[in-house]
1. Scan (1) within 15 Å of the ligand (Cβ to nearest atom); (2) in a helix (DSSP H, G or I); (3) open to solvent by less than 10 Å² (accessible area, probe 1.4 Å) for the single condition residue 149 breaks and write down its number.
2. Which of the residues that make up the range 36-49 are within 13 Å of the ligand (Cβ to nearest atom) and either open to solvent by less than 10 Å² (accessible area, probe 1.4 Å) or more than 16 Å from residue 16 (Cα to Cα) (or both)?
3. Go through the range 168-190 and report how many residues are surrounded by 15 or more Cβ atoms within 10 Å (Cβ to Cβ) and over 17 Å from the mean Cα position of the chain (by Cα).
4. Taking only the range 184-232 into account, find how many residues are small (Gly, Ala, Ser), part of a helix (DSSP H, G or I) and farther than 26 Å from residue 105 by Cα.
5. Of the numbered conditions (1) touching a Phe, Trp or Tyr at 6+ places or on another chain (Cβ under 8 Å); (2) open to solvent by less than 70 Å² (accessible area, probe 1.4 Å); (3) under 20 Å from residue 98 (Cβ atoms), residue 69 satisfies every one except a single condition; which is it?
6. Quick one: how many residues across the range 89-116 are touching a residue at least 40 places away in the same chain (Cβ under 8 Å) and touching a helix residue (DSSP H, G or I) at 6+ places or on another chain (Cβ under 7 Å)?
7. I'd like to verify a number: residues in the range 1-22 that are open to solvent by 20 Å² or more (accessible area, probe 1.4 Å), hydrophobic (A, V, I, L, M, F, W, C) and within 16 Å of the chain's Cα centre (by Cα), how many?
8. Identify the residue in the range 50-81 that is part of a loop (DSSP other than H, G, I, E, B) and over 27 Å from residue 209 (Cα atoms) and, among all such residues, is farthest from the ligand (Cβ to nearest atom).
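The values are calculated or read from the model by the stated rules, or taken from the named source; none is laboratory data. Worth saying up front: this structure is predicted, and the values here are computed from it rather than measured. Because the Cβ atoms are built from the backbone with ideal geometry, glycine has one as well, and the counts that use them run over all protein chains shown. SASA here: full protein model, heavy atoms, side chains in, ligands and nucleic acids out. Shrake-Rupley method; radii C 1.70, N 1.55, O 1.52, S 1.80 Å.
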Amino acid sequence: MWDTWAPDWLARGELAWGKTEPCWGIHQISESEAQLLASFAGGRVIELGCGTGYVSAWLSRLGGSPIGVDNSLGQLSSARQLQNLFGLHFPLVHANAEQLPFADNSFDFAISEYGAAIWCDPYRWIPEAARVLRSGGRLVFLGNSTQLMLSVSEGDGPATTSLRRPLRDMHRMEWDDDPGVEFHLSHGDRIKLLRANGFEIEDLVELYPPAGSSNDHYGFVTMEWAKQWPAEEAWLVRRV
Ligand SMILES: C[S@@+](CC[C@H](N)C(=O)[O-])C[C@H]1O[C@@H](n2cnc3c(N)ncnc32)[C@H](O)[C@@H]1O
């Protein structure tokens, strides 16, 4: 599916590669406001589901040595084009983030912005992230919030103010209008899973659009909704 979609993500990837400061998620919240990288101190970095690779590019500019992992050759080809355009190169590996081809304890920092974070089964990718991170290593991942996934409509409509599905047993989600499978958990289940894999939770950042934001082009959430409930959330966890 991502091979088919890859061409549509190239322009957005180029814009993100060009940012001088990391900007997160659908409302482009600046790193100085969101503080998702507060614990980042360089070292060996793995991006899980790197897509066009801009998050790895940011972390490289911040002094890290990233490896971008993605299971779509189309997305990796876009990432390579953007590496050439911006003159910044790091390894790109074609692999499934649920089954990483890396040794135990081989990374200092793992990150996923809408990559493995929502497209991989958390009961597979979180144990893998734990395995490849050294003790004390950090994992940061960002995706749609649990609140959003409870309120979003089937089809194209934006999130509503009523609950559209049960929280209980939330896990695998499929949509009528595309062949993708996403994964979203309740906070309770997420915390149990993270702790079972040796992570302590340092923060759960609920992301709201910055003041004056007018970015309203994502059909699944309106600005009015996103100002009242976090449409996105980022988990900041540490491997103990
Ligand atoms: C929305 S993109 C996020 C990446 C990046 N932040 C971006 O926007 O370009 C989702 C990425 O996850 C990748 N992905 C999906 N399933 C994956 C898996 N099992 N292993 C590795 N990557 C996966 C897709 O190929 C896609 O490039």
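1. For residue 149, the failing item is (1).
2. Within the range 36-49, 36, 46, 47, 48 meet the criteria.
3. Matching residues across the range 168-190 total 2.
4. Residues that pass the stated criteria total 2.
5. Condition not satisfied by residue 69: (1).
6. Of the residues in the range 89-116, 10 are touching a residue at least 40 places away in the same chain (Cβ under 8 Å) and touching a helix residue (DSSP H, G or I) at 6+ places or on another chain (Cβ under 7 Å).
7. 2
8. 63
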